[in-house]
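The block underneath contains the structure these notes are about, expressed in structure tokens.
The values are calculated or read from the model by the stated rules, or taken from the named source; none is laboratory data. This one's a predicted model, so the numbers in the text were calculated from it and none came from an experiment. Positions of Cβ are generated from backbone atoms using ideal geometry, with glycine treated the same way; all protein chains shown enter the neighbour counts.
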Amino acid sequence: MNNNAIVYKEIEDIQLAKEVLRHPSFGVIRMDQYLEKLQELTKEDLGLLIRFSKKSLIFQSGESHIESRRLIAHFFSHREVQRWRDSIGNIVEDIMADHTSNDIEVLSDFSDPLFVSSMIMVMGIQVKEEDLFLEHIKIAKAITEPLLSKKRLRRIQISLEYLINLVKESFKEKDYEEQSFLSHIKNKIEKPWDKYEELHILVVSLIIAAHTFSETFVIIMSKLASPMNDLWSKTKDFEWLNKRIDAFIRLYPTTQSIGRRVIKDCNILNTQFQKNEIVYIKVPIVNRNPIFTDEEDILSGTEEIKCPFSHVSFGGGIHKCPGASLSRMIFMEAFSILASKFPEFVLTKPLNTKNVSFMVSIPSDLQARLKLMSDI
Ligand code: HEM
């Protein structure tokens, strides 16, 4: 037997998953070490990818990770994100006003434009070519995937370069949203603002991770507007939605697995872990742990359920998703406006999803036909 073979373990239990996510004996997977080795072997210039995998939030660890989280914590807190609510409502109205036909493709006509406009407003970035920006986001976000080919890594590096430059240029612009994230961090650093690559990488890591919002939006929409239940008529009620949004996020995660590396031998809840083992938390299985409310009860809309701490759709521990409150707020605002404006939101085809890898499953399209209140 090869003693260097990597051991993979899968976790399907909620208690164990939560312990692993917060336990100091587990760390994030070291992408930088892998890329450095690859660069050495292939002589390919992976410099930017390596710098990104050292400085982006999702791969950072120790003091530098804590520092980055401190920098963003207040800005993305539940309380702070509520100030964007009215502006998100205006964005939703504008997107629908621009759309002239009754047929809509939810991902490309609605949730992706909502994602781009929200990022421009909340993050304060300048996006001149929205389609190109989106294309680069979709390529760059694959960086968290395991076992990427060299060709794919090259494409990711080009997209990251584009996004880092976009953020760098945005720092130079004067007329961006005063309450935005760029404004927030500009107050903490000295001029010239465009020299801080670490901060540009931090902003890019937030923006690419944030696209999960758009994909999750489409999947939840397919459930809320499904002809199999009568949830759409209730969705316009903000309070009804508020009590259930977390249950939908729990039931329909796009992230299928969260990976961790064992840093130190340990025994947790009677499970032995050894240094260097790789652990994958199976998100949909963990979230459907039988001690929680049944899916049918949630979808029937009779069960009033709010379960913010009983799932791992946003991860957990120190790497827990910092965009959770922002996502919940935008979901609620957008779904409730759509449901009151379009009482008939008929899905014309079932949801299509594709498994990008064993880690991520994303919707490819969701077709719907809309009827305005005044048409009924
Ligand atoms: C429904 C929408 C979203 C879902 C389901 C989601 C899910 C997740 C998950 C599962 C993780 C943990 C990954 C890990 O531990 O390995 C994570 C981390 C992260 N998310 Fe989200 N996310 C969403 C929206 C957002 C938004 C809107 C933002 C930015 C504004 C964002 C930024 C991040 C960042 C930067 C991390 C890494 C944090 C760290 O490692 O310290 N996410 N997200």
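What to note about this one:
- Only a single criterion out of (1) modelled with pLDDT under 95; (2) in contact with a Phe, Trp or Tyr (Cβ under 9 Å, 6 or more places away or on another chain); (3) under 25 Å from R328 (Cβ atoms) is not satisfied by P146, namely (3).
This table checks each residue for (1) touching a Gly at 6+ places or on another chain (Cβ under 6 Å); (2) at pLDDT 95 or above.
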{"site": "D230", "(1), (2)": "no, no"}
{"site": "R244", "(1), (2)": "no, no"}
{"site": "P253", "(1), (2)": "no, no"}
{"site": "D265", "(1), (2)": "no, yes"}
{"site": "N289", "(1), (2)": "no, no"}
{"site": "T293", "(1), (2)": "no, no"}
{"site": "K306", "(1), (2)": "no, no"}
{"site": "C321", "(1), (2)": "yes, yes"}
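- Filter pass, K275 being more than 16 Å from the ligand (Cβ to nearest atom), in contact with an Asp or Glu (Cβ under 7 Å, 6 or more places away or on another chain) and of a type in the set (K, R): yes
- Within the range 145-172, the set of residues being surrounded by fewer than 14 Cβ atoms within 10 Å (Cβ to Cβ) and either within 20 Å of the chain's Cα centre (by Cα) or not in a helix (DSSP H, G or I) (or both) comprises L147, S149.
Condition check ((1) more than 16 Å from the ligand (Cβ to nearest atom); (2) at pLDDT 95 or above; (3) touching a helix residue (DSSP H, G or I) at 6+ places or on another chain (Cβ under 8 Å); (4) more than 30 Å from L41 (Cα to Cα)) across all residues:
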residue: K150; (1), (2), (3), (4): yes, no, yes, no
residue: E161; (1), (2), (3), (4): yes, yes, yes, no
residue: E169; (1), (2), (3), (4): yes, no, yes, yes
residue: V204; (1), (2), (3), (4): no, yes, yes, no
residue: I207; (1), (2), (3), (4): no, yes, yes, yes
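- Counting the residues of the range 224-267 that are away from the ligand (no atom under 14 Å from the Cβ) and part of a helix (DSSP H, G or I) gives 12.
- Q179 meets all of the listed conditions (1) touching a helix residue (DSSP H, G or I) at 6+ places or on another chain (Cβ under 6 Å); (2) within 16 Å of the ligand (Cβ to nearest atom); (3) of a type in the set (S, T, N, Q) but one, namely (1).
- Taking first residues from the range 184-206 that are in contact (Cβ under 8 Å) with a residue 24 or more places away in the chain and closer than 23 Å to S53 by Cα and partners that are within 14 Å of the ligand (Cβ to nearest atom) and of a type in the set (S, T, Y), the Cβ contacts under 7 Å between residues at least 6 apart in sequence or on separate chains come to I201/S56; L202/S68; S205/S56.
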